[in-house]
1. Enumerate by residue number the chymotrypsin sites (Phe, Trp or Tyr not before Pro) in segment 1-76 meeting two conditions: DSSP loop (anything except H, G, I, E, B), and at most 13 other Cβ atoms within 10 Å of the site's Cβ.
2. Roughly what percent of Cα-Cα pairs across segment 187-246 reach past 19 Å?
3. Suppose we keep just the DSSP beta bridges with both residues in the chain; what percent of those would be antiparallel, to 5?
4. Could you identify which residue out of Asp148, Asp133, Asp31 has the top mean-square fluctuation in a GNM of the chain using Cα springs shorter than 10 Å?
5. Report the rotationally averaged projected area of segment 99-155 based on its alpha-carbon convex hull, in square nanometres.
6. Report the calculated FRET efficiency for Tyr53 and Arg91 (r = Cβ-Cβ distance, R0 = 35 Å), to the nearest 0.05.
7. Based on the Cβ-Cβ distance of Leu141 and Lys23, what FRET efficiency does E = 1/(1 + (r/R0)^6) give at R0 = 30 Å, to the nearest 0.05?
8. Could you grab the relative contact order for the chain? Cα pairs under 8 Å, six or more apart, rounded to a whole percent.
Amino acid sequence: MRIDVLSLFPNMFAPMRESIIGKAIERKLVDFNVVDFRDFTENKHHNVDDVIYGGGQGMLLTPQPIYSAMEHVEAVAGNRGRVILLDPAGRTFDQKMAEELSQEEHLTFISGHYEGYDERIRDLVTDEISLGDFVLTGGELGSMVIIDATVRLLDEALGDDMSAVDDSFSTGLLEYPQYTRPADFKGKKVPDVLMSGHHANIAEWRKKEALRRTYLRRPDLLENYELDATERKLLAEVKREEKDNN
């Protein structure tokens with residue numbers, strides 16, 4: 001996969017060279033490039049923003065540097081790929097979208113700053129994405145979140161191919177509780193079933209606890225989750241147990 005990012009602050013993307021994403025880059029699973037679109041300004045002062053027509057507070061990014069930077073990406077890569085604009089009006093990012101983006105060969109992110117963009121840059125965009133109902137100072141952090149969630153889904157990006165499959169939201173449920181050694185830490189013990197070696201019982205426990213955690217913390221996820229017969233039985237048990245505990 002090739003990933004290009006258009007940004008005024010390329011140094012903000014240094015963390016992408018660390019951890020799992022950094023290893024994916026080192027192993028050539030991802031060709032990651034950050035383009036400073038200030039380098040493509042055509043005015044002598046290298047300004048990338050200007051006052052807003054009709055009045056208004058703040059400064060707006062002008063279209064020319066972004067268009068020229070996008071032409072550079074296209075010239076180097078042979079295409080623009082899927083062009084993502086970080087914008088509060090966009091579709092809310094979720095795990096399903098991360099899985100969708102992970103199937104692409106080329107993603108290009110436009111990470112703006114200041115008050116916003118000249119409306120005409122939207123002609124370059126294929127997808128407008130938002131992280132949620134809050135405002136950041138720029139699109140860089142949003143781009144990094146999406147890139148991280150997407151790249152970790154690539155084949156061989158994680159050490160265990162099943163790790164991404166079992167993640168919260170990938171199954172439609174929150175992930176079940178997990179434990180490691182010691183078996184008893186300050187009186188808090190690992191559930192016996194997890195040390196039993198009985199794989200079927202462990203699988204059932206994990207499913208039940210995933211349902212429990214989802215029921216208690218994100219019941220909205222269950223509204224669109226199709227329960228099979230076993231899951232309906234387990235969820236009914238969870239509801240009875242939680243009612244008894246309260």
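1. Numbers: sites: Phe13, Phe32, Phe37, Phe40, Tyr53, Tyr67; in loops: Tyr53.
Listed in order of number, the matching sites are Tyr53.
2. Numbers: 640 of 1770 pairs.
Considering segment 187-246, 36 percent of its Cα-Cα pairs are separated by more than 19 Å.
3. On the way: 5 of 27 bridges.
Just about 20 percent of them are antiparallel.
4. Result for the chain, Cα springs under 10 Å: Asp133 fluctuates most.
5. Details: hull surface 17.7 nm².
The directionally averaged projection comes out at 4.4 nm².
6. Working: r = 28 Å, r/R0 = 0.80.
It comes out at approximately 0.80.
7. Values: r = 21 Å, r/R0 = 0.71.
It comes out at approximately 0.90.
8. Details: 332 pairs, mean separation 43.8, N = 246.
RCO, the chain: 18 percent.
The values are calculated or read from the model by the stated rules, or taken from the named source; none is laboratory data. All of these numbers come straight from a predicted model, not from anything done at the bench. Please note: Cβ atoms are built from the backbone with ideal geometry, for glycine as well, and neighbour counts cover all protein chains shown. Each accessible area value is taken on the protein alone, full model and side chains, heavy atoms only, with ligands, DNA and RNA left out. Shrake-Rupley method; radii C 1.70, N 1.55, O 1.52, S 1.80 Å.
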